[in-house]
1. For a quick check of your reading: which strands (runs of 3 or more DSSP E) sit entirely within region B:127-195 and have at least 2 residues that are at pLDDT 65 or above, touching a strand residue (DSSP E or B) at 6+ places or on another chain (Cβ under 6 Å) and loosely packed, with under 10 Cβ neighbours inside 10 Å?
2. (1) more than 6 Å from DNA strand D (Cβ to nearest atom); (2) in contact with a strand residue (DSSP E or B) (Cβ under 7 Å, 6 or more places away or on another chain); (3) not in a strand (DSSP E or B): which one isn't true of residue B:40, the others all being true?
3. Out of all the residues in region B:16-34, is one or more touching a strand residue (DSSP E or B) at 6+ places or on another chain (Cβ under 9 Å), under 25 Å from residue B:70 (Cα atoms), more than 12 Å from DNA strand C (Cβ to nearest atom) and at the interface with chain A (Cβ under 9 Å from one of its Cβ atoms)?
4. Can you find a residue in region B:60-78 that is within 16 Å of DNA strand D (Cβ to nearest atom), over 33 Å from the mean Cα position of the chain (by Cα) and buried (at least 16 other Cβ atoms within 10 Å of the Cβ)?
DNA sequence: GGCTTTGGTGACAAAATTTGTCACCAAAAA
DNA sequence: TTTTTGGTGACAAATTTTGTCACCAAAGCC
């Protein structure tokens with residue numbers, strides 16, 4: 001058994017039984033007492049708080065507060081969470097928001113430096129405010145569901161975004177612009193972008209955008225990729241050619 | 001060098017150089033070509049998208065979109081993020097919220113089943129609504145900063161919470177209650193709890209609560225805990241006695 | 001005080017895993 | 001056609017993990 005799997009098994013046992021002795025764990029997992037002790041040591045290193053007591057009635061005890069996630073989020077997902085928390089904070093005073101911040105800070109720190117810079121840039125270009133009253137919202141439409149993934153790609157990767165835009169007059173135009181900022185004036189969301197054709201910045205209301213497509217500027221050459229095998233069980237993971 | 005460290009090194013090289021050949025990576029990292037190939041295979045298994053091309057000018061390329069976090073959040077932090085996103089969603093339509101949900105779903109799934117149940121229970125007892133207008137908010141005070149950690153502990157662990165409460169009349173009382181639900185009526189937050197002394201449920205306005213202390217029902221025996229050493233470099237991680 | 005249980009450490013050999021070497025294949029470019 | 005480059009299989013060498021054993025400290029029980 002993999003040492004990683006064994007750690008999970010040990011945690012499961014500790015969670016279920018409350019208190020467990022090293023001897024029992026060794027028997028349950030099928031390894032020696034020494035190995036269990038080494039694993040406990042490693043788990044403590046991984047941030048789990050494990051209490052221990054000598055003598056009769058003693059044993060190991062996992063602090064339930066120290067249970068952690070192991071999820072791996074993409075940069076886009078982190079950004080989405082950042083927006084939620086930032087919007088929330090701007091809207092109202094909110095218990096737990098410090099904790100949410102702490103969590104996000106942890107998440108941020110676990111990303112490579114260039115991605116952290118990206119996230120900061122994104123947040124800097126995010127403006128949240130209140131819409132001035134008495135604005136006509138009668139034509140507020142639904143937001144194109146395809147917009148979200150496309151928009152994330154364009155915004156996070158700083159690559160141009162192409163889409164159809166329905167102006168207030170009803171006229172349809174096709175645009176290809178460089179996303180610059182996101183302006184949130186509840187309940188409206190605006191994309192602020194540089195339009196190279198008109199050599200000027202423009203605002204685009206999100207619910208008037210449709211068929212968004214990020215413009216891949218440096219596409220990878222399409223070709224056949226053979227499989228990987230070896231000991232490693234992840235054979236089919238070489239990205240497939242887009243034909 | 002640890003294989004984990006080597007994976008990080010490889011990712012760093014790929015990020016910096018854009019395209020790298022297996023040969024170059026092997027030289028840079030100081031291992032054989034075969035090992036690099038095995039590592040690439042493992043990284044693909046870990047969810048990284050790595051493109052590859054044969055022939056002159058070929059090499060390996062890391063898809064920047066596939067970069068992931070490795071942060072490990074505590075259950076309390078996850079709950080805080082869940083609140084932010086839930087409150088956000090209830091307040092307004094919001095691009096990116098699907099993505100935030102997807103991220104949170106990932107995080108949730110990486111927790112053990114009992115913790116997932118806890119989180120669901122917590123979210124079920126979380127009510128978000130709008131305050132009826134014309135309510136007098138002139139005495140709205142700041143929320144006790146000590147409330148947050150104490151409240152989290154009590155709410156997440158379902159243990160009693162003791163605090164001082166300043167009633168609308170100004171009278172100070174000490175309470176010890178079982179937290180049941182959280183009622184959010186912006187900008188007010190209420191704690192709904194069972195008061196055993198009065199054998200009834202009561203509402204407590206969060207900004208009128210002070211000196212909150214979770215009542216530890218089953219404290220771990222205090223005692224001296226010797227250090228762990230061995231090969232594992234995490235010597236001082238056995239939790240210190242609270243004296 | 002002595003006995004037993006239980007966490008914890010150090011040292012060293014045994015077992016298991018990781019890594020290197022080598023021979024070779026397929027795709028792509030010069 | 002030759003060279004470059006990713007990828008695979010097999011097997012020995014190097015390295016790491018694990019087990020064994022002897023022993024210490026703390027705590028409870030008689």
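1. Values: elements: B:161-166, B:172-186, B:188-195.
Filter on region B:127-195 gives an empty set.
2. Residue B:40 satisfies every listed condition except (1).
3. Scanning region B:16-34, I find no residue that is touching a strand residue (DSSP E or B) at 6+ places or on another chain (Cβ under 9 Å), under 25 Å from residue B:70 (Cα atoms), more than 12 Å from DNA strand C (Cβ to nearest atom) and at the interface with chain A (Cβ under 9 Å from one of its Cβ atoms), so the answer is no.
4. Start the filter on region B:60-78 by keeping residues that are within 16 Å of DNA strand D (Cβ to nearest atom), which leaves B:60-63, B:66.
Cutting the leftovers down to over 33 Å from the mean Cα position of the chain (by Cα) gives us B:60.
Still in the list and also buried (at least 16 other Cβ atoms within 10 Å of the Cβ): B:60.
Looking through region B:60-78, at least one residue is within 16 Å of DNA strand D (Cβ to nearest atom), over 33 Å from the mean Cα position of the chain (by Cα) and buried (at least 16 other Cβ atoms within 10 Å of the Cβ).
Yes/no per residue for (1) touching a helix residue (DSSP H, G or I) at 6+ places or on another chain (Cβ under 9 Å); (2) more than 24 Å from residue B:77 (Cβ to Cβ); (3) at the interface with another protein chain (Cβ under 7 Å from one of its Cβ atoms); (4) more than 16 Å from DNA strand C (Cβ to nearest atom):
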{"site": "A:1", "(1), (2), (3), (4)": "yes, yes, no, no"}
{"site": "A:46", "(1), (2), (3), (4)": "yes, no, no, no"}
{"site": "A:63", "(1), (2), (3), (4)": "no, no, no, no"}
{"site": "A:73", "(1), (2), (3), (4)": "yes, no, yes, yes"}
{"site": "A:86", "(1), (2), (3), (4)": "yes, no, no, yes"}
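The values are calculated or read from the model by the stated rules, or taken from the named source; none is laboratory data. Everything numeric here is computed off the predicted structure, so don't read it as measured data. In this analysis, Cβ positions are derived from the backbone assuming ideal geometry, glycine residues included, and neighbour counts consider all displayed protein chains.
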